[in-house]
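The values are calculated or read from the model by the stated rules, or taken from the named source; none is laboratory data. Computed from a predicted structure; not experimentally measured. Using ideal geometry, Cβ is built from the backbone for each residue, glycine included, and neighbour counts are taken over all protein chains shown. These area figures cover heavy atoms from the full protein model, side chains too; ligands, DNA and RNA do not enter into them. Shrake-Rupley method; radii C 1.70, N 1.55, O 1.52, S 1.80 Å.
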Amino acid sequence: MLAVLIDFWHLHTPIFSILLPAFAAFSLILVGYPSLDSNQHTHRLRTSRIVGLAATALGFILALNLLLQADQGVIKSYYLGEWAAPFGIALVLDRLSALMILLTYALALPVLWYASGGWDQKGRYFHALFQFQLMGLCGAFLTGDLFNLFVFFEILLLASYVLLLHGQGRIRFRMGVHYVVLNLTASAIFLIGLALVYGSVGSLNMADVARLLPTLNPDQFAMAQAAGMILLVVFAIKAAIVPLSFWLPNTYAAASPPVMALFAIMTKVGVYSILRVNGTVFAAASISASQQLMSWLLPIAMLSSLIGAIGALAAHTMRRLVSYMLLSSVGTILIGIALPSVAAWSAALFYLIHSTLVVAAFYLLVEWISYQRSAVEDTLHPTIAVQQPVLLGICSMVVMMMMVGLPPFSGFLGKIMLLQSAAELPGTFWIFLTVLLVSFIGLITMARMGIIVFWQVEPPNDVVQSQYLLPDRVTPHRLPLAFFILLAMLLLLMVFAAPIRQYTAATARQLQDAPAYQKAVLQYDASNQPISRRPFDPSYLPYTKNTGTTATIDDLEQQPIIQDPALVEQAQQIEQPTANTATSVLDIPASSAKDPTQKQNNHQNPSTAPELPKQVISEIKPARTADAP
């Protein structure tokens, strides 16, 4: 019995990471939260917090289990409804997806703990929306289908629309409108790109698209590459890459502190999609496609990193400063992704982990500092001294060093790995110059912030003394624990940099092994040919229904195929039906090959034509039109 349960667990583990937050979200909606008055509904608020934290903690444990399974090096496919790819929806668990899910829950758990200290009362259904956000993130990281990626994008975006407005306020509403309009536009462009991919390739399964791209004729291949570039634009909007990044600083700065910290992972969804779709599907089709991606992505990534650093230097609030540093870190990650080498991708993934955690920790630290700076809050303007100068000064110095990339912290290690991987690749000088210049500008930015916050202080007046220098305005409830958990993760990333780098290197090698990915996702017939798009053929239909590890084969597969030349020739002579003749391949009786009179009658009255034996259909090769893929 125990062995059966273990097998069931291992078989269905991928879908659990999506179902868990989905069921938790629906349960939280049933719990309800009809009023912002916590005094009237304390029991509902308490239940929502317990369910939300329990579901997130279970999700973190599940993410650890996924990582352990993926670390074995086996790519695991899960077919929803047991319909095999590319006909059904496939979830694919590999090293990259497991890493991103674990990073999501490692960030979500402390952030939700902090939000449960009071921020969740400032709007309705916060915990349900939080779980929907996790559902969309996990689904986007696990899916192996381009259209399903779009669906999970919409789920996480719908949740983010409401979370961005959580806490209300005119500024949040204005930034929320911009955010919604921009992402709806990106979603429309996403659908256009998917339509072009399907029209030129004939499939939307990532493994199947990667397999079919090299087989296309030049015109179709050019159309598919154009579709890939359209998808790159969509993912660039999600990742906030220059020139599509100017929406992010104001939008993120307007969000509530827990939402800001959670949104540190949102830009990484765009980065992940660029790596997964453009890096391993379209760029892997040919050398020219890979060079085209590098020629576009590398200069844009360097420019994004530089503009983000300059924006942080000019920021007038600490929230905008951190948001611009987030943009700069995304550009640094994409520099590694643009380089076609295992070492560069490994460095990019290592720095992605660092960037997500340090940005979230920085957002929480800014909230902590702002809480003690009177009405000035996070504005970079001299005001009264913070009430915990030593503690906050040390925390700020550590986080700033991590953010800039100073030794011995993980940011420095990630940048060193990136520079080492770029040493023998084209554009080495410009990559070195960009990374070092961004680090130097970031160092000046952090020094400016530290001087204004901790050195340029003013004595408090009577109003400040009575309203802000109070014991209950020293530390936001539950924030220190959440911050120190994130800080501990960053220190662990530094201490265990070697094994983590080994994992990211193995992840990069797995990503660049396209045949292994295709072998794990697609099903193969008796002749070891991948079952993919083709004219309808009942003899292949049993293969599309997957049960366990092999495809089901019914009695039809065991029967010899009728190879009557007369029947095959007769079926091949049938062209497209006209207005007067609705006859199709399936409308011709098997006996008509021996009875010319019956054949003529069939054309005169097609509605009375019996069905052709389906064993013959596998021998029929329908005429392909000029625009068919």
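Assign one of three labels to the stretch 7-140, namely rounded, prolate or oblate, based on the Cα gyration tensor with a ≥ b ≥ c the square roots of its eigenvalues; rounded applies when a/c is under 1.5, prolate when it is not and a/b is larger than b/c, and oblate otherwise. Because a/c hits 1.5 or more and a/b exceeds b/c, the stretch 7-140 counts as prolate.
Taking label positions 7 Å along the Cα-Cβ direction at both Leu437 and Phe16, the computed distance is 5.0 nm, reported to one decimal.
Place the peptides 516-529, 124-137 in order of packing, highest mean first, counting for every residue the other Cβ atoms within 10 Å and averaging per peptide. Mind showing how you got there, number by number?
Working: 516-529: 15.7, 124-137: 25.6.
Highest mean packing first, the order is 124-137, 516-529.
Looking at the stretch 210-264, the accessible area is 29 square angstrom per residue; that uses a 1.4 Å probe and ignores ligands, DNA and RNA. Rolling a 1.4 Å probe over the heavy atoms of the protein chains gives the stretch 333-425 an accessible area of 27 Å² per residue.
For Thr383, the residues whose modelled amide H falls within less than 5 Å of its own, excluding neighbours fewer than 5 places apart on the same chain, are Glu458.
With the simple model of a label 7 Å out from the Cα in the direction of the Cβ, Phe147 to Asn528 spans 3.2 nm. Rolling a 1.4 Å probe over the heavy atoms of the protein chains gives the stretch 13-137 an accessible area of 37 Å² per residue. Overall shape: prolate for the stretch 224-312, with the ratio a/c of the largest to smallest alpha carbon gyration tensor axis at 1.5 or above and a/b above b/c. Placing R0 at 56 angstrom, the Cβ-Cβ distance between Ser286 and Ile452 gives a FRET efficiency of 0.60 after rounding to 0.05. Peptides 398-407, 234-243, 253-262, ordered by how many other C-beta atoms sit within 10 Å of their residues on average, highest first, read 253-262, 234-243, 398-407.
Please give the contour-minus-distance gain from His316 to Ile29: 0.36 nm per residue of separation, less the Cα-Cα distance, rounded to one decimal in nm.
Values: separation 287, 0.36 × 287 = 103.32 nm, distance 3.92 nm.
99.4 nm is the gain from fully extending His316 to Ile29.
Once R0 is set to 51 Å, what does the formula 1/(1 + (r/R0)^6) return for the Cβ-Cβ distance between Leu406 and Ala54, expressed as a FRET efficiency to the nearest 0.05? Before the final figure, lay out each step's value.
Numbers: r = 39 Å, r/R0 = 0.76.
It comes out at approximately 0.85.
Please identify which residues in the stretch 414-438 have an amide N closer than 18 Å to a label point set 7 Å out from the Cα of Phe496, following the Cα→Cβ vector. Label zone hits: 414.
Atom-type composition of the exposed protein surface of the stretch 305-380 places 63 percent of the accessible area on carbon and sulfur (1.4 angstrom probe). Label separation (Phe8 vs His477): 4.1 nm, computed from points 7 Å beyond Cα along the C-beta direction.
A Förster radius of 41 Å combined with the Cβ-Cβ distance from Met1 to Ala226 puts the calculated FRET efficiency at roughly 0.15.
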